[in-house]
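Enquirer: Starting off with a structure, shown below.
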Amino acid sequence: VRQRNIIAINSTNLKPKCGQPEVPAFRVMGGEESLPGRWPWMAAIFRDFFGIEKFFCGGSLIGPLHILTAAHCAIESSSHQMVVRLGDVDLMRNDEPSAPDAFRIAEVRKHPKYGKKGHYHDLAILVLDRAPRRSRYVMPLCLPPPSARSVMFVGRMATAVGWGRTSPRGSRSTVQRQTELPVWRNYDCGWRYFRLIYSSFLCAGGGRSGKDTCKGDSGGPLMLKYDGRWIQIGITSHGMDCGKPFFPGVYIRVTEYMDWIEKNIRE
């Protein structure tokens, strides 16, 4: 744990409290189910097909109205087809203590340089149609403060959370799950993939255990503790299959896009 001050995104509507869940997040030794309130910034993103909602991606609440996710989660859907749930852990239950709330999307803001080829600039911000009510089950995740923006986090254990598949050929989990993943050097990651991994990417996972993010986890946050608060360092983007030993998952490095993210939260 590093000791530095973290200031929330500069917005008159966003209170300074972020990244501090009331439900303690115990050290994760393997993929395990989460609990309501443990990750109160987690967003479940659905497509609405004529009144039938189908889960397809994750995201994180980072501002008063703002969900950070992967651009490939937003590229094929117009805003009126998307629904975001906050406070949800078990997607199949209707009696959760968190009483999940659903939001429509007022606007989709994809990074202007995003293109499917190469997964470059794979990030987007979804603007909710109304502000969520803060509670122990719903609060924003902190973004990296200036003091962390040059940190590579190599060797640190980061946490990934989502509702993705629990095995490469398995079905998606209906219950939110969490796992810890080591952050790699980009050079070592590039050696595995036989290509250059630019600084806009971050690699994590890829150990012998096969712990990894998988299909359905896309758009969700990769995060770690910094000065007693959780900050988001990555956005789940792509990888070599999933759970393949010695092939880490590839994430969008949040610190490389802070100017764009902050600009879109202010607007």
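Enquirer: Which residues, taken from the range 243-260, are surrounded by fewer than 24 Cβ atoms within 10 Å (Cβ to Cβ) and of a type in the set (A, V, I, L, M, F, W, C)?
Expert: F246, F247, M258, W260
Enquirer: Starting from the range 68-97, take each residue that is free of Cβ contacts under 8 Å to residues at least 12 places away in the same chain and list its partners that are of a type in the set (S, T, N, Q), counting only C-beta distances under 9 angstrom and pairs at least six apart or across chains.
Expert: R93/T174
Enquirer: Going by what's in this entry, would D122 be described as among the charged types (D, E, K, R) and out of contact with any helix residue (DSSP H, G or I) (no Cβ under 6 Å at 6 or more places or on another chain)?
Expert: no
Enquirer: Does A106 satisfy the criteria of being small (G, A, S) and either within 17 Å of the chain's Cα centre (by Cα) or surrounded by fewer than 19 Cβ atoms within 10 Å (Cβ to Cβ) (or both)?
Expert: yes
Enquirer: Surrounded by fewer than 18 Cβ atoms within 10 Å (Cβ to Cβ), at pLDDT 75 or above, within 17 Å of G58 (Cα to Cα) and β-branched (V, I, T) - does that describe any residue in the range 166-188?
Expert: Looking for residues that are surrounded by fewer than 18 Cβ atoms within 10 Å (Cβ to Cβ), at pLDDT 75 or above, within 17 Å of G58 (Cα to Cα) and β-branched (V, I, T), one finds at least one in the range 166-188, hence yes.
The values are calculated or read from the model by the stated rules, or taken from the named source; none is laboratory data. In this text, all values refer to a predicted model and were calculated from it rather than measured experimentally. Reconstructed Cβ throughout: ideal geometry from the backbone, glycine too, with neighbour counts over all protein chains shown.
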